[in-house]
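J.: A single structure is presented below for examination.
Please treat every number below as a calculation from the coordinates, not as lab data. Here the structure is a predicted model, which is why all the values come from computation and not from measurement. For neighbour counting, all protein chains shown are included, and Cβ atoms are generated from backbone atoms with ideal geometry for every residue, glycine included.
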Amino acid sequence: MRVHPSLENICPRNPFRNSSDGKDASKTGVYKMITSRVKGISWSWESQQVLQVAGGNEVSRSLSYSTNSDGTSSIGSRSTSSSRSSPRRKFYMETDYLNYDISLNNLTFGEQIGRGSCATVYHGLWCGTDVAIKVFLNFDYSEDLLMQHSFRQEVLLMKRLRHPNVVLFMGAVTSPPHLCIVTEFLPRGSLFQLLRRHSTATTLNWRRRILMALDIARGMNYLHHHNPPIIHRDLKSSNLLVDKNWSVKVGDFGLSRLKHATFLTTSTGNGTLQWMAPEVIRNEPADEKSDVYSFGVVLWELAALKIPWNDLNPMQVIAAVGFMNQRNEIPKDTDPHWASLIESCWHSDPKCRPTFEEVLEKLKAMLRHNFV
C-alpha cells in the first residue's frame, strides 16, 4: 500500500521494534501535528425523528450523538411540536407498513451469518423458503420510540425497491418486543467473505470480477436514479451479497437516507472508515458521489484481493484518506482501464468522480474489449 511516510509515526508502539534509534522525539512531533488537525472535527450524527402523539400532532425530537476528541461520547435531545403531517397520511403509512408483517412463529432460525452494531443476521426458514433474518438487538419497545421509527423507515424504504441487483425484501416481524427484517438468502455470503475464501486470481478470474462490478454498479445506479435518489452511505464489500450464480446484490440499508433528507455525518462509527470518502471522514456535506468513492474501494478489493488499509488503525486511516489524500496502492498487474476507473472513483473532488451510469459504460467496454 502507498502510505505517507509520516503515517508510521502515529502507529501504536510495536513491542518487537527497537526504539533506541533516536526517532521518538520526531514521532511525538508528527503525532501532535496529525491529532491537532483531526482534533478540531466534531464527529456528530443528528437524526430527526417524528413521533405521533394524541390528537394527530407530532413531536419532532432531534437526538444528537457525538464522539469527542478525548474519546468520550455525549447524547442530547430536544423536542419541538409540529402538525405538518395529517393523521390520515400517518394512518396510510402505518397500514402500508403492517402489510408486510410476518409472524415470528412462522420463522425458523438457523446459524448466525452476520452481526452489526444494532442487529444480528441469521440464516433461517420462512414457509419452507431460505431467508436471511435481520434481528434488531433487544430494547424497550414501549420507551424506545426512536428505534421504532428508524425500523419503520427501513421497512418502508426496502419494500419500495425492486431490482435484480438489490437484495429482495420479503417482510418484517413487527410484534413487540421482536423486530426483524426478512430478506432473500444469498448462499455465497458477502463479497468480503468471498474474497477471503478466493484470495488468488486463479479461483476468481477477471471476467467474473468484471461481471461482479457490473452487478454492483447496476444496483447502485438504480438507487441513485430512484425518486428521490437514495444514497446508500455504507457501501462496502460486507454489504454486497452473492447468490449461487455469482450475481452480486446491494444490501443493508440501515444507514440509507433519501437525498432530500440527508446530510452525511456518519463518523460516529456508522459505516466503515476504510471505505469512507474523504469528505465524509472530514464531516463535510456529501452526496451520491460518496457512494462512488466507496465503490472505487470495492474495485480495489476485487483487484488486490486484500482488505483495504488492513495495516493501519482508525486514526491512521482518518489521517491518510481525510487529510493526506492517500489511497491504497493499485497492484501493478491490474488492467490499465480498471486501474483508471478506480482512480477516477477515488478523485479528491467529488464532482470529478463519475456517475454510476458512466461507470457502467466503462465496465461494459472493458468486458467487450477483454472477453468478447
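J.: What span do the alpha-carbon atoms of the range 155-195 cover on each of the three principal axes, reported in whole Å from largest to smallest?
T.: Each principal axis gives a Cα extent; for the range 155-195 these are 38, 22, 13 Å.
J.: Separate question: Ranked from highest to lowest mean number of other Cβ atoms within 10 Å per residue, what is the order of the peptides 314-323, 294-303? Could the numbers behind the result be given before it?
T.: Values: 314-323: 21.6, 294-303: 24.3.
The most tightly packed comes first, giving 294-303, 314-323.
J.: Right, here's the next one. Hey, can you grab everything whose amide H is under 5 Å from the amide H of residue 168? Only 5+ residues off in sequence or another chain; H modelled, so Pro and N-termini drop out.
T.: Sorted by chain and number, the residues that satisfy this are 184.
J.: For the range 163-170, what does the Karplus curve 6.51 cos²θ - 1.76 cosθ + 1.60, with θ = phi - 60°, yield as ³J(HN,Hα) per residue in whole Hz, taken in order and with x for Gly and Pro?
T.: Rounded to whole hertz, the list is 7, x, 10, 10, 4, 7, 7, 10.
J.: Show me, for the range 335-340, the HN-Hα J-couplings you get by feeding each phi into the Karplus relation (A = 6.51, B = -1.76, C = 1.60, θ = phi - 60°), rounded to Hz, glycine and proline as x.
T.: So the Karplus estimates, Gly and Pro as x, are 3, x, 5, 5, 4, 5 Hz.
J.: When the chain is fully extended, how far beyond the present Cα-Cα distance does residue 198 get from residue 368, taking 0.36 nm per residue of separation?
T.: On the way: separation 170, 0.36 × 170 = 61.20 nm, distance 2.46 nm.
Value of the extension gain: 58.7 nm.
J.: May I ask you to evaluate 6.51 cos²θ - 1.76 cosθ + 1.60, the Karplus curve with θ = phi - 60°, for each residue of the range 284-300 and list the ³J(HN,Hα) values in order in whole Hz, giving x for glycine and proline?
T.: 9, x, 9, 9, 4, 5, 5, 5, 5, 4, 4, 4, x, 5, 5, 4, 5
J.: In terms of the Cα gyration tensor, with a ≥ b ≥ c the square roots of its eigenvalues, is the range 206-258 rounded because a/c is under 1.5, prolate because a/b exceeds b/c, or oblate?
T.: prolate
J.: Order these peptides, 110-116, 186-192, 287-293, by their mean beta-carbon neighbour count within 10 angstrom, highest first. Could the numbers behind the result be given before it?
T.: Values: 110-116: 13.9, 186-192: 18.1, 287-293: 22.9.
Most protected by this proxy first, the peptides run 287-293, 186-192, 110-116.
J.: Amide H neighbours of residue 121 under 5 Å, counting only residues 5+ apart in sequence or on other chains, H built in-plane at 1.01 Å?
T.: For residue 121, whose amide H was placed from the backbone, the distant partners under 5 Å are 113, 114, 115, 116, 135.
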